[in-house]
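The values are calculated or read from the model by the stated rules, or taken from the named source; none is laboratory data. Just so you know, these numbers come straight off a predicted model, no measurement behind them. Don't worry about glycine lacking a Cβ; one is built from the backbone with ideal geometry, like all the others, and counts go over all protein chains shown. The protein model used for the area step is the full one, side chains on, heavy atoms only, and it has no ligands, DNA or RNA in it. Shrake-Rupley method; radii C 1.70, N 1.55, O 1.52, S 1.80 Å.
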Amino acid sequence: MRRALAVAVCGLVGTGSPAPAEDSRPGPAARITYVANEGFLVIVGDSGVLVDGLFAPGPLDWADVPSADTRRRLETGAPPFDEVRVALVTHRHVDHFDPGVAVAFLRSRPGADLVGPPQVEERLKATSGFEAVASRVHAVPATPGADTSLTFGDVTVRALGILHSVYMVKDESTGEMVNRHRSTENLGFWVDVGGFTFFHNGDAALLEVEEYCRFDLPSAGVDVAFLGSVFWSATERTLGTVRRCLAPGHVVPMHLRPDERSTIGERIEALDDPHPPFVVPGSPMTEIILP
């Protein structure tokens, strides 16, 4: 495979970057908005899919968060969120999901559904107003290897059980190092919305090739892969996973610290391995333009 290197920030291709290869072009035109952190809104025609965008402003120093105005728009179903047909939640963490925002969103958007792992449904059940939206909340298995298909109009979703990345911390009672996220259910999502396909891996790592290759996503097609910042560890292995198991037309890195956007383009261009063109998100609520 030849090196198809292109780095874009908000759709502006980096100096000296060649154009993407012919087979890296996406399918039907999609409007992609970066909400915050791992939150993205993808609209094709009049159908929108929101992934990990239903969370609230907060004092997080490791990720972008929605503004107060964005929260208002989410909770009232105001543009651009008035076109969301299905909201997807990868896992329960506060930088991806807030049950109060989610219930308010569903109440304001009676035609929208929500898909997430059982732990997300549990938090929703404990939230005031859940009863009014319960029929539109779909909890699907998140055990490793689970592959659940759902259809909502012209939106097809595959909810894929993929382990949350490891975060080792010291157990104060035993002194041993333990994985803080060992019990966190995490879903990756493959989505076809009006013929445009994308993959979002939530907070899963990309180290284990088998975990991704089992889903045969290249055969399904991946126009854009939204991949978390854990992608940057063990570069040779992770890039190999992307090439073999995803084969996307473009990659959008996510879960970036606010100070990472200014340097990540240089880090990508320094990679020696062949990889798809990258498009780096700008500030929250800006549009992503594929080159």
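Descriptive notes on the structure:
- Taking the C-alpha atoms of the chain, convex hull volume expressed per residue in Å³: 132
- Of the residues A139, G53, G77, the one whose Cα sits farthest toward the positive end of the charge dipole of the chain, with +1 on the Cβ of Lys and Arg and -1 on the Cβ of Asp and Glu, is G77.
- A full extension of the chain between E122 and W62 corresponds to an added length of 19.0 nm, given 0.36 nm per residue minus the alpha carbon distance.
- 4 °C / 1.567 mPa s Stokes-Einstein diffusion coefficient of the range 182-261, Kirkwood radius on C-alpha pairs, µm²/s: 100
- Heavy-atom accessible area per residue - the range 101-151, 1.4 Å, Å²: 44
- Measuring nothing but how far apart in sequence close Cα pairs (under 8 Å, 6+ apart) lie, relative to its length, the chain scores a relative contact order of 23 percent.
- Of the Cα atoms belonging to the range 29-164, the radius of gyration and Dmax stand at 13.8, 39 Å.
- Dipole-positive endmost among A204, M177, S219 within the chain (Cβ charges, Cα centre): S219
- Overall, the accessible surface of the chain at a probe of 1.4 angstrom is composed of carbon and sulfur to the extent of 51 percent.
- About its Cα centre, the chain has a charge dipole of approximately 260 debye under the convention of +1 per Lys or Arg Cβ and -1 per Asp or Glu Cβ, with nothing else charged.
- Here each label is just a point 7 Å from Cα along the line to Cβ, and for E236 and T263 those points are 2.4 nm apart.
- Label zone at R214 (point 7 Å along Cα-to-Cβ), backbone N below 12 Å, the range 106-144: 142-144
- Taking S67, S47, S135 in turn, the Gaussian network model of the chain (Cα-Cα springs below 10 Å) assigns the largest fluctuation to S135.
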